Amino acid sequence: MKKRNLLFIFFLLVTFRSFAQEKIDPFQHWQFRNTTDSSWIPATVPGTVHADLFNNNKIPDPFFGLNEYNLQWIEKADWEYKCTFDVPYETFNKTHINIVFEGLDTYAKVYLNGSLILTADNMFREWQTDCKPLLKKKDNLLRVVFQSAVKIGMQDSSKSKYILPGGIRVYTRIAQYQYGWDWSPRYVTCGIWKPVYLEAWNDIKIQSVGYYQDTVTSTKANLHLIAFATSDKFQECKIILRDQLNGKILKEETIALAQGLNRIPLKFIINNPQLWWTNGLGNPNLYHFEFDINKGGKKICSDSCKVGIRTIELLQRPDSVGKSFYFKLNGVPVFMKGANYIPADNFIPRVSKNDYEKLINTAVDCNMNMLRVWGGGIYEDDNFYDLCDEKGILVWQDFMFACGMYPADTAFLNNVKNEATYQVNRLTNHPCIALWCGNNEISEGWYNWDWQKQYGYSANDSAKIWNNYTLLFDTLIKNVVNTFDAKTPYWPSSPKYGWGRKESLLEGDSHYWGVWWGMEPFSMYENKIGRFMSEYGFQAYPADETMKTYLDFKTSSAGDNMNPFWHNKHPQGFQTIDNYLLRDYYNATDHKNAVKHYTYLSQLLQANGITTAIEAHRRARPYCMGTLYWQFNDCWPGVSWSGMDYYGRWKALQYFVKKAYSDILVTVTEKNKTLETFVVSDVQKTTKAKLCIFLSDFNGKKIWQKDTLITIQPLSSSCCFTIPVASIIKDTSANNKLFFAARLYIADSLASQAVHYFVPYKLLKLPKANIKRSLKISDNKIELSLSSKTLAKNVYVSLDDKYLKLSDNYFDILPGDEVKIHSEESISSKIKVRKIKLETFNSK
Ligand code: BMA
């Protein structure tokens, strides 16, 4: 999927707008070189130097084996990109022509026909300048020279009298994970990583249009927009706001533009407004607005935007224990269900629109309503936010600062101010933006990670470094948000308190890493519940096919999984997985098919652990009002906390999450030797349901059962049934052959099911699995029905041992049940039932 042909070239001049204010990309046939080389090599723009070297066979695949270690020279070199271009006649004749770089990574000098026109030092800003005086009609030469970010970072840090946590990376406004993270290789790259184009206009140009809500009722939305436009002279013109979906003019006015920059407010009304809702709560309705400036009956320039009508609030009300932390969307308290999102590649321009669609579709399929764009990556691509708007996924947006202390000299502060201003204005119209958050784990790091001692700071140094922190996150960035996006809440740092502190469970958001980093058992997830769980997680291996893309299976065995060949960037990753496996499962290294079995078990381990947390968080509603596990996706193929790997293959976790995040959930927990059955609802209406609870042995003999009709309150969690274990299990020695299940039926169909076991999985006395299967292929999709008279635990279905995306996988078949699943991708050939391979935990 990711191995697209990166030499994709814009064959035609791409005209973004057909009006007088137009954007064209005349830059073709890019080439690049190491500045010390004389020969030039074809390049792709947007792109990165690593991807360009790989595409030209100058380096091996950066994601294969241990290639990372031999490719570190690239970050130390300086690189140059160039292209020659002609300017089309109509563009050339415009009064103004700017060259716009939506992103340069990072330290770049841009030369046009030999003159320096731009100097860039921030990957997260747009860079543009007037280039008209230097342009020729033909044979223009554009050169972009990138200096090594690592070398500049070293120079900058050497000027400081102390070392800052995070090292040289904190001096450079670049995606911080490029320097390596505990799920990422180190690839400090460079390149023209976002589109570059010429923007040309005559005398009027729209700079930006912001949309704002005044009052909204069910019959009427009073809205306004504020446009900024430049004009070369005083002139009268007409502004028009149109609803693009029905062509209706919503408002038109004649205005006078002054020479220079004009602020143009326009009030308008939408009758019977359709609100924007999140996935699960309603339709994420978008209005398509077009704002035009006309003169003499002709459209001079135009700007279009998809706008959602909605309010978002973050409520932090003091209560008997601390302070609430929850979001209200259109006045409705919403429990946030989601995950932490990291960049989808080390070489970001390789992520296509289609890849973004796959990622966001997974969030939607898994009943999520929020993703957190984590602060060590990038402000995401437009496609990402457009898809979140369209599909009802809210975004917790970090500013790009993570796990380090940052400098705050005047130049750095100015740079950050420009970056924040650009990004906030770029994203403010997206209804998906729910929160701006200053940084990831910096306040936590400062107070809990012993940096002061580790770096030997004097009291003065400490005061200065902390003062710099407050300047950045409590003043500068906060002010930018308040100025340009006051309707969206700002939160200085995620989390508020570190997980070792009791306050972390009483107020603010919480990153609970007692499980994994603290080696606490998964059961701790049931106790360590804060007001909003914005991080917690556990690693698992990716699918075999994914590992085969970077690892030679023949020379690696599960026993030698300490070897970096396996691509686990966490220093104790393998030991931690092993350690937890021994608690709940067993070490699979002597299994006859060790690698496969280890993968399968590690995925079950992760899936069970994380859903233990999710269910506990959801049961704790409204005390806890959000759960975002770490981490949604991967930036390369490897072992990590992700639920879905680099190639988009779902681990067991992803299937478990889909069920654990369902709108209405039944969940069972055992507390003080009592079984508690909870029903949690994230829907706005009251729901009638039938709850069937039973205790059974693995052969299907029901020992105890109870059916009850229940009324589920909207937006609630309640314990519907409790029973002491001792009252239904007399002989505890048989615990390892029993399970307790709760099934919730809504309108006669099974809406949710919970299965509880009484001993760790490794102690279950499971019968031999004997699964009957029947297969149908229709429309090139597999429809599989699996049934078993006895309990079949964690059935993993593959096609001829190969990964297949299915509607469900890794599920238990309860005795006497039939489970129907289907494939979600088309299967080209005719499949025989014997090609369907089943693995179960019964065969351990
Ligand atoms: C979290 C993140 C990342 C890290 C992850 C796993 O706290 O913010 O810094 O990758 O933990 O260790």
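The values are calculated or read from the model by the stated rules, or taken from the named source; none is laboratory data. Keep in mind that what you see is a predicted model, and the values were worked out from it rather than measured. Because the Cβ atoms are built from the backbone with ideal geometry, glycine has one as well, and the counts that use them run over all protein chains shown.
Is it true that some residue in region 483-492 is assigned to a strand (DSSP E or B), closer than 13 Å to Met533 by Cα and not hydrophobic (A, V, I, L, M, F, W, C)?
Checked against the condition, which is being assigned to a strand (DSSP E or B), closer than 13 Å to Met533 by Cα and not hydrophobic (A, V, I, L, M, F, W, C), region 483-492 yields no hits at all.
Matching residues to (1) of a type in the set (A, V, I, L, M, F, W, C); (2) in contact (Cβ under 8 Å) with a residue 24 or more places away in the chain:
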| site | (1), (2) |
| --- | --- |
| Asn55 | no, yes |
| Ile59 | yes, no |
| Asn67 | no, no |
| Glu75 | no, yes |
| Glu80 | no, yes |
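Matching residues to (1) more than 29 Å from the chain's Cα centre (by Cα); (2) surrounded by 15 or more Cβ atoms within 10 Å (Cβ to Cβ):
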site	(1), (2)
Val657	no, yes
Ala660	no, yes
Thr669	yes, yes
Ser681	no, yes
Lys685	yes, no
Gly700	yes, no
Ile703	yes, no
Pro714	no, no
Pro724	yes, no
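Do any residues in region 403-423 that are more than 14 Å from Thr470 (Cα to Cα) and at pLDDT 95 or above have Cβ atoms under 6 Å from those of residues that are assigned to a loop (DSSP other than H, G, I, E, B) and within 16 Å of the ligand (Cβ to nearest atom), where the two are at least six apart or on different chains, and which pairs are they?
Pairs found: Cys403/Glu441.
Taking the criterion of being at pLDDT 95 or above, away from the ligand (no atom under 16 Å from the Cβ) and hydroxyl-bearing (Ser, Thr, Tyr), would at least one residue in region 486-497 satisfy it?
Scanning region 486-497 turns up at least one residue that is at pLDDT 95 or above, away from the ligand (no atom under 16 Å from the Cβ) and hydroxyl-bearing (Ser, Thr, Tyr).
Would you please list the contacts, defined by Cβ atoms under 9 Å and residues six or more apart or on different chains, that run from a residue in region 321-343 that is closer than 17 Å to Ser717 by Cβ and modelled with pLDDT of 95 or more to a residue that is of a type in the set (Val, Ile, Thr) and within 16 Å of the ligand (Cβ to nearest atom)?
From region 321-343, the pairs are Phe335/Thr627; Met336/Thr627; Lys337/Thr627.
Check whether at least one residue in region 747-760 is surrounded by 18 or more Cβ atoms within 10 Å (Cβ to Cβ) and modelled with pLDDT under 95, and report yes or no.
no
Among Ala149, Ala175, which is among the hydrophobic types (A, V, I, L, M, F, W, C), crowded, with 16+ Cβ neighbours inside 10 Å, within 24 Å of Asn439 (Cα to Cα) and within 16 Å of the ligand (Cβ to nearest atom)?
Testing whether each residue is among the hydrophobic types (A, V, I, L, M, F, W, C), crowded, with 16+ Cβ neighbours inside 10 Å, within 24 Å of Asn439 (Cα to Cα) and within 16 Å of the ligand (Cβ to nearest atom) leaves just Ala175.
Residues are listed down the side, and each one gets a yes or a no for (1) modelled with pLDDT of 95 or more; (2) in a helix (DSSP H, G or I):
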site	(1), (2)
Thr722	yes, no
Ser733	no, yes
Phe740	yes, no
Arg743	yes, no
Ala769	no, no
Lys776	no, no
Thr790	yes, no
Ile827	no, no
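Pairs under 6 Å by beta carbon, first residue at negative phi in region 373-386, partner more than 16 Å from the ligand (Cβ to nearest atom) and part of a loop (DSSP other than H, G, I, E, B), six or more apart or different chains?
Val373/Glu380; Tyr379/Phe124; Tyr385/His430; Tyr385/Cys432
Exactly one of these conditions fails for Gly508: (1) more than 16 Å from the ligand (Cβ to nearest atom); (2) within 17 Å of Lys337 (Cα to Cα). Give me its number.
With (1) more than 16 Å from the ligand (Cβ to nearest atom); (2) within 17 Å of Lys337 (Cα to Cα) applied to Gly508, the lone miss is (1).
Okay, residues lined up against (1) in contact with a helix residue (DSSP H, G or I) (Cβ under 7 Å, 6 or more places away or on another chain); (2) among the β-branched types (Val, Ile, Thr); (3) closer than 25 Å to Lys671 by Cβ:
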residue	(1), (2), (3)
Gly700	no, no, no
Thr708	no, yes, yes
Gln713	no, no, yes
Ser717	yes, no, yes
Lys730	no, no, yes
Tyr761	yes, no, yes
Leu764	yes, no, yes
Asn770	no, no, no
Lys776	no, no, no
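Looking only at region 575-596, which residues are part of a helix (DSSP H, G or I) and crowded, with 19+ Cβ neighbours inside 10 Å?
Once the filter is applied, which keeps residues that are part of a helix (DSSP H, G or I) and crowded, with 19+ Cβ neighbours inside 10 Å, region 575-596 yields Ile577, Tyr580, Leu581, Ala588, Val595, Lys596.
Report, by residue number, each residue of region 493-537 that is surrounded by fewer than 20 Cβ atoms within 10 Å (Cβ to Cβ), in contact with a Gly (Cβ under 6 Å, 6 or more places away or on another chain) and not in a helix (DSSP H, G or I).
Of everything in region 493-537, those that are surrounded by fewer than 20 Cβ atoms within 10 Å (Cβ to Cβ), in contact with a Gly (Cβ under 6 Å, 6 or more places away or on another chain) and not in a helix (DSSP H, G or I) turn out to be Leu506, Glu520.
Give region 424-449 a look and list any residue that's away from the ligand (no atom under 15 Å from the Cβ), crowded, with 21+ Cβ neighbours inside 10 Å and polar (S, T, N, Q), or say none.
Asn429
Out of all the residues in region 619-654, which are surrounded by fewer than 24 Cβ atoms within 10 Å (Cβ to Cβ) and among the hydroxyl-bearing types (Ser, Thr, Tyr)?
Tyr623, Tyr647
Okay, residues lined up against (1) in a loop (DSSP other than H, G, I, E, B); (2) within 30 Å of Asp386 (Cβ to Cβ); (3) not hydroxyl-bearing (Ser, Thr, Tyr):
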position	(1), (2), (3)
Asn429	yes, yes, yes
Tyr447	no, no, no
Asp461	no, no, yes
Val480	no, yes, yes
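Given the conditions (1) surrounded by 15 or more Cβ atoms within 10 Å (Cβ to Cβ); (2) out of contact with any helix residue (DSSP H, G or I) (no Cβ under 8 Å at 6 or more places or on another chain), and given that Ser39 satisfies all but one, which numbered condition is not satisfied?
Condition not satisfied by Ser39: (1).
Can you pull out every residue in region 628-653 that is β-branched (Val, Ile, Thr) and more than 15 Å from the ligand (Cβ to nearest atom)?
Scanning region 628-653 gives no hits.
Tyr385 - would you say it is hydroxyl-bearing (Ser, Thr, Tyr), crowded, with 18+ Cβ neighbours inside 10 Å, over 14 Å from Asn340 (Cα atoms) and more than 16 Å from the ligand (Cβ to nearest atom)?
yes
Which pairs turn up if I take residues in region 493-519 that are aliphatic (A, V, I, L, M) and look for partners that are part of a loop (DSSP other than H, G, I, E, B) and away from the ligand (no atom under 13 Å from the Cβ) with beta carbon separation below 7 Å, at least 6 apart in sequence or on another chain?
Leu505/Lys528; Leu505/Ile529; Leu505/Gly530; Leu506/Val321; Leu506/Gly322
Output the qualifying pairs, or none if there are none: Cβ atoms under 9 angstrom, residues six or more apart or on different chains, first residue in region 261-274 and more than 13 Å from Tyr211 (Cβ to Cβ) and basic (Lys, Arg), second residue at pLDDT 95 or above and not in a loop (DSSP other than H, G, I, E, B).
Arg263/Ile226; Arg263/Ala227; Arg263/Phe228; Arg263/Ala229
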